[in-house]
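Engineer: Structure in structure tokens, see below.
The values are calculated or read from the model by the stated rules, or taken from the named source; none is laboratory data. Predicted, not measured: the structure shown is a model, and the values here were computed from it. In this analysis, Cβ positions are derived from the backbone assuming ideal geometry, glycine residues included, and neighbour counts consider all displayed protein chains.
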Protein chains: 2
Amino acid sequence: MRASRYLIATVKETPADAVIVSHRLMLRAGMIRKLASGLYTWLPTGLRVLRKVERIVREEMDRAGAQEVFMPCVQPAELWQESGRYDDMGPLMLHLQDRHERDFVFGPTHEEVITDIARNELTSYKQLPVNFYQIQTKFRDEFRPRFGVMRAREFIMKDAYSFHLTADSLQEEYDNMYRTYCRIFDRLGLDYRPVLADSGAMGGAASHEFQVLADSGEDYIAFSDGSDFAANIEMAEAVMPAGERAAPSEELRLVDTPEAKTIAQLVEQFDLPIEKTIKTLVVEAEEGQTESGLVALLVRGDHELNEVKAEKLPQVKVPLTMASEARIRAVIGAGPGSLGPVKLPIPVIIDRAVSLMSDFGAGANEDDKHWFGINWGRDVELPEVADLRSVQAGDPSPDGQGTLQIKKGIEVGHVFQLGRKYAEALGARVLDENGREQAMTMGCYGIGVSRIVAAAIEQNHDDNGIIWPEAMAPFQVGIVPLNAHKSPEVMATAERLYSELTDLGYEVLLDDRDKKTSPGVKFADMELLGIPHRLVVSDRSLQNDQIEYKYRRAADREEWPLADTVARLGNLVSGT
Amino acid sequence: MRASRYLIATVKETPADAVIVSHRLMLRAGMIRKLASGLYTWLPTGLRVLRKVERIVREEMDRAGAQEVFMPCVQPAELWQESGRYDDMGPLMLHLQDRHERDFVFGPTHEEVITDIARNELTSYKQLPVNFYQIQTKFRDEFRPRFGVMRAREFIMKDAYSFHLTADSLQEEYDNMYRTYCRIFDRLGLDYRPVLADSGAMGGAASHEFQVLADSGEDYIAFSDGSDFAANIEMAEAVMPAGERAAPSEELRLVDTPEAKTIAQLVEQFDLPIEKTIKTLVVEAEEGQTESGLVALLVRGDHELNEVKAEKLPQVKVPLTMASEARIRAVIGAGPGSLGPVKLPIPVIIDRAVSLMSDFGAGANEDDKHWFGINWGRDVELPEVADLRSVQAGDPSPDGQGTLQIKKGIEVGHVFQLGRKYAEALGARVLDENGREQAMTMGCYGIGVSRIVAAAIEQNHDDNGIIWPEAMAPFQVGIVPLNAHKSPEVMATAERLYSELTDLGYEVLLDDRDKKTSPGVKFADMELLGIPHRLVVSDRSLQNDQIEYKYRRAADREEWPLADTVARLGNLVSGT
């Protein structure tokens, strides 16, 4: 591609709403432009990258035996009413009416449509297992779209849906997709982790997320330094600490604590180790589970309650809702800063770590007072124990091997065992070997195709711009002729290299913009665009029959013999 | 691809609403399924064809120097208000509101969005000319969607938009796109005609449609048997007939014609040649153009008024509206079956052919009476003459070479010079060589990607199913092993051929479905799916070291030496 005939839409400034680095760099590199909130146009450079991601996803899905289909964006509301999700989706789903006032939605996902196809096309167990996928535009009407294409409203997704007679068959395809996703993210050149994910809300049996590691990620993932264990933080079990609870060594005593409403204040004012303090969190109970409608969850002062773990307790209302101060006062008689397990008039569930504490301090359920020296069994009966807290770096790995590290990740893929929920709701049944009708069991497998582009940048950039993994680069090679307007030889050499490399199938950007574009701007654009291999043709180098080569990830430039350039590049530029 | 692992969704019956052959065959061959009115899912076989069309379109657009972009489906209403088209589009445009009650549309086309991009990204004449294209999902809320994907509501379109400083530059890119479209339709293997099209409504300077010839087409196109001339029927000029008007030879006479309200009745009852009769059509006039608000348009009895030509007359109201009988009676004093040019109290415009008539008959503007033996000049002054009628087969070609033929066509592409309309409305300006701001001039170039699939079938089918042009076939080669469950050698040979051909890069469908699928069904499916090259492996042939080959377009089968099969196929299967 010649830069003079190509929209190099690089810019210096980015708007204030571009807060993460990938959003800023995609705007600066001229990859995308905002049309409206959460709606982006992909300019030529961005689209080249997007198409490379699409191609790798498609090749690997095909290789895995999945069959590509293409479903409409616009879906009839009836299908969503049939599955029971029409109201569940809330305002995230974009509703629309056609000219005949029939209700439709702009599909945020396609479980309903594919299950409708399956119930019509699949009639016998012999047609199973089968896995249909598509690469397609979805719309989710986020309340506050942000981070550019990372959390856009209109986006490109690869969604796949498999159909099976048995759970074993589903598990087999699930494993196949898991391996396929690993191949896809390996080929893309991303540093990622498949992590155990929560499958509770959708009622499924198993679920993994594929997380690209990046400091800007919104998800926390925990993984072991001694094994393959990796899980979304809410799925990482905080195991029961080793050892027994120490015997009581202090007396229970009531202390005035008028200035201590928080754990930090308690620790500071009374010289209490934080591991000897307790947070008492009062939340609303699931209807009918407790008399007062409240339940107390206790974690150690230095631990954090994990909402997803809490929501799995039968006593706890979903979504997790903290009780209001008025409610707490009415039932317990004290404010939220003075609560504790001793004589608490509502059911209590304590974290595993709390169950091993002794001689600890906690609120007295009376304003401005705490009990110190509390011991389970002696002062208050040991309540129900559960895994309530988020794991922390340094915790033992749940598989018993190594300790946990915590990193941030960007979810770019998700594999999920759906089970029979949709097939049962829509009546998608096949005849089994015995001629009996059975609802099929399903898996679903998503990849955020457009999000991958942003996630790759979050993971691969420096102060000068993007550093593309080779497989995703918009161009593999960039050629900058220096002061070509003064030297016909420079331009002729650049043109010859461009033709030779292009003929060999490389994707090359020749910066043939005229002298009004300074060499500095051309260099900066090549770095910003993140092109892996850069050649500079100059009079100075040509005098020695040389050319300057720079690898985007390297600090230094090299001088190459001009005659060897094509061959040397061939050894470096990897196929995709 | 193995049929046992692939959704061969062939069916025998099609619903009553599938009235054209492509719609029926696409359903029967399992290419598409209807989700709702005008909304179709592309199943694997259909999508394979669609992707081939997309690929050829993309390759040729890239080769032509156009740059691919990808714009959102959902567009802000403000842009359409700015261009002035928000209300013009009527209910064809799908309106929607997001969760914040902001107005959007599902884009039926993208002139507004691309012009918005152009006004932001293009600032200097040096960036011009430039041509941006995308292959993308559009939605047009047709009142009555029909003919399957031929006139669906959601469909795939390639739309391109070029920007220029001068009309010459626009003309150059227009010619480039015209040639590119010819290459695309040539490569697709379609019998098509680029035809002159009407560009009036959009105010543009030039316009061609690309029409695939097919009996089911909804457009009429006229083309010369003696030259390259081809035009949409409303754009084909009906030239002034050769020769002079004959001198009067009959007396003007008033005749009672109580039973003759139509041309056919007049011809039959009075033995009048139809070429001696006139149709007088009274239509509403453009405001202020005539006193009565009406104008009469006259064509010969055997000719048809062409609406598009009539609408180009300044006196005629757009859209063309026939006057009501009440209106005609009030102004003229007679019913529509008794009108004619003699003493007609409203302005008259006559077709060229009418101007050469003599001794002709027409209504007397008095119920149940006609004048016979009318002659221009003697009985009534010659009115304004214009080209009012549609051309007919046998008419002279407007370029003076050969005579016209009329065929039906399906519009699959359109190139159009838009001019400065959008750039002016949205303020898309660049600086010219003299540093002055100028609105850009634009071209737009559309291809109905999904419609091409249907159009190709309309043109290429027989009683057994689809006959794909090689470049569009879902698979190039089909292999049918006969009674493989009885003969391991048959299956082994089929598998070996499948591997060899697949390794060579051919797309092969191996029908390895088990014995429950009869040979007859397998043969029928191969024909229905339209796979160009079919190999049948059977015990009988193998005994002679032979294999059966059949070309989809050929009537007869051939026996090939097994050893030569791969080589012979290689000579026949063309690359795409």
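Engineer: Does A:Thr493 count as of a type in the set (S, T, N, Q), at pLDDT 95 or above and either touching a strand residue (DSSP E or B) at 6+ places or on another chain (Cβ under 7 Å) or within 21 Å of A:Ile8 (Cβ to Cβ) (or both)? First the steps, then the outcome.
Structural biologist: Working: of a type in the set (S, T, N, Q): yes; at pLDDT 95 or above: yes; either touching a strand residue (DSSP E or B) at 6+ places or on another chain (Cβ under 7 Å) or within 21 Å of A:Ile8 (Cβ to Cβ) (or both): yes.
Judged against the criteria, A:Thr493 is a match.
Engineer: Right, another one. Suppose we keep only residues that are touching a helix residue (DSSP H, G or I) at 6+ places or on another chain (Cβ under 8 Å) and of a type in the set (Gly, Ala, Ser) within the range A:127-178. Which one would you say is nearest to the other protein chains (Cβ to nearest Cβ)?
Structural biologist: This residue is A:Ala152.
Engineer: Among the residues of the range B:322-343, is any touching a Ser or Thr at 6+ places or on another chain (Cβ under 6 Å) and closer than 14 Å to B:Val239 by Cβ? Show your work before the answer.
Structural biologist: Step one: of the range B:322-343, the residues touching a Ser or Thr at 6+ places or on another chain (Cβ under 6 Å) are B:331, B:339-340.
The next check asks that each one be closer than 14 Å to B:Val239 by Cβ; those that pass are none.
No, the range B:322-343 contains no residue that is touching a Ser or Thr at 6+ places or on another chain (Cβ under 6 Å) and closer than 14 Å to B:Val239 by Cβ.
Engineer: Now a separate question. On the given criteria, is B:Ser4 surrounded by fewer than 20 Cβ atoms within 10 Å (Cβ to Cβ), within 9 Å of chain A (Cβ to nearest Cβ), within 25 Å of the chain's Cα centre (by Cα) and of a type outside the set (Val, Ile, Thr)?
Structural biologist: Working: surrounded by fewer than 20 Cβ atoms within 10 Å (Cβ to Cβ): yes; within 9 Å of chain A (Cβ to nearest Cβ): yes; within 25 Å of the chain's Cα centre (by Cα): no; of a type outside the set (Val, Ile, Thr): yes.
In short, no.
Engineer: So which residues in the range B:73-121 are among the β-branched types (Val, Ile, Thr), more than 8 Å from chain A (Cβ to nearest Cβ) and closer than 30 Å to A:Tyr6 by Cβ, if there are any at all?
Structural biologist: Pass one, the range B:73-121, residues among the β-branched types (Val, Ile, Thr): B:74, B:105, B:109, B:113-115, B:117.
Keeping just the survivors that are more than 8 Å from chain A (Cβ to nearest Cβ) gives B:105, B:109, B:114-115.
The answer is B:Thr109, B:Ile114, B:Thr115.
Engineer: A further question follows. Could you pull out every one of the strands (runs of 3 or more DSSP E) wholly within the range B:463-576 that has 3 or more residues that are free of Cβ contacts under 8 Å to residues at least 40 places away in the same chain?
Structural biologist: Once the strands (runs of 3 or more DSSP E) in the range B:463-576 are filtered for at least 3 residues that are free of Cβ contacts under 8 Å to residues at least 40 places away in the same chain, what remains is B:546-551, B:557-561.
Engineer: While we're looking at this one, here's another question. Look at the range B:408-446 and say how many of its residues are under 18 Å from the mean Cα position of the chain (by Cα) and among the aliphatic types (A, V, I, L, M).
Structural biologist: 3
Engineer: From the list B:Asp103, B:Asp62, B:Asp17, B:Asp87, which residue is touching a strand residue (DSSP E or B) at 6+ places or on another chain (Cβ under 8 Å) and modelled with pLDDT under 95?
Structural biologist: On the way: B:Asp103 fails: modelled with pLDDT under 95; B:Asp62 fails: modelled with pLDDT under 95; B:Asp87 fails: touching a strand residue (DSSP E or B) at 6+ places or on another chain (Cβ under 8 Å).
So the residue among B:Asp103, B:Asp62, B:Asp17, B:Asp87 that is touching a strand residue (DSSP E or B) at 6+ places or on another chain (Cβ under 8 Å) and modelled with pLDDT under 95 is B:Asp17.
Engineer: Filter the range B:287-341 down to residues that are aliphatic (A, V, I, L, M) and free of Cβ contacts under 8 Å to residues at least 40 places away in the same chain and give me whichever is farthest from B:Gly361 (Cα to Cα). Break it down stepwise before answering.
Structural biologist: Applying the first criterion (aliphatic (A, V, I, L, M)) to the range B:287-341 yields B:294-299, B:305, B:308, B:310, B:313, B:316, B:318, B:320, B:322-323, B:326, B:328, B:330-332, B:334, B:339.
Going one step further and asking which of them are free of Cβ contacts under 8 Å to residues at least 40 places away in the same chain, we end up with B:316, B:318, B:320, B:326, B:330-331, B:334.
Working: B:Val316: 25, B:Val318: 30, B:Leu320: 26, B:Ala326: 24, B:Ala330: 24, B:Val331: 22, B:Ala334: 16 Å.
Here the residue is B:Val318.
Engineer: Something else now. For the condition in the same structural domain as B:Met157 (by the TED database), over 30 Å from A:Ala118 (Cα atoms) and within 25 Å of the chain's Cα centre (by Cα), what is the one hit in B:Ile20, B:Ile56?
Structural biologist: On the way: B:Ile20 fails: over 30 Å from A:Ala118 (Cα atoms).
Step by step, each of B:Ile20, B:Ile56 is checked, and only B:Ile56 is in the same structural domain as B:Met157 (by the TED database), over 30 Å from A:Ala118 (Cα atoms) and within 25 Å of the chain's Cα centre (by Cα).
Engineer: Going by the conditions given, is A:Ile32 more than 14 Å from chain B (Cβ to nearest Cβ) and touching a residue at least 24 places away in the same chain (Cβ under 8 Å)?
Structural biologist: Details: more than 14 Å from chain B (Cβ to nearest Cβ): no; touching a residue at least 24 places away in the same chain (Cβ under 8 Å): yes.
No.
Engineer: What's the total number of residues in the range A:202-246 that are out of contact with any Asp or Glu (no Cβ under 6 Å at 6 or more places or on another chain), within 30 Å of A:Glu275 (Cα to Cα) and small (Gly, Ala, Ser)?
Structural biologist: Matching residues across the range A:202-246 total 10.
Engineer: Looking at (1) without any contact (Cβ under 8 Å) to a residue 12 or more places away in the chain; (2) of a type in the set (Asp, Glu); (3) in the same structural domain as B:Tyr192 (by the TED database), which is the one condition that is false for B:Glu424?
Structural biologist: Of the numbered conditions (1) without any contact (Cβ under 8 Å) to a residue 12 or more places away in the chain; (2) of a type in the set (Asp, Glu); (3) in the same structural domain as B:Tyr192 (by the TED database), the odd one out for B:Glu424 is (1).
Engineer: Only one of A:Arg540, A:Arg552 is buried (at least 22 other Cβ atoms within 10 Å of the Cβ), farther than 14 Å from A:Arg2 by Cβ and not hydrophobic (A, V, I, L, M, F, W, C). Can you tell me which?
Structural biologist: Result: A:Arg552 is the single residue among A:Arg540, A:Arg552 that is buried (at least 22 other Cβ atoms within 10 Å of the Cβ), farther than 14 Å from A:Arg2 by Cβ and not hydrophobic (A, V, I, L, M, F, W, C).
Engineer: Could you list, ordered by first residue, the pairs with Cβ atoms under 7 Å in which the first is in the range B:164-187 and assigned by the TED database to the domain that holds B:Leu418 and the second is assigned to a helix (DSSP H, G or I) and not β-branched (Val, Ile, Thr), at least 6 apart or interchain?
Structural biologist: Pairs found: B:His164/B:Leu170; B:His164/B:Glu173; B:Leu165/B:Tyr125; B:Thr180/B:Glu60; B:Thr180/B:Met61; B:Arg183/B:Glu60; B:Ile184/B:Glu60; B:Arg187/B:Ala471.
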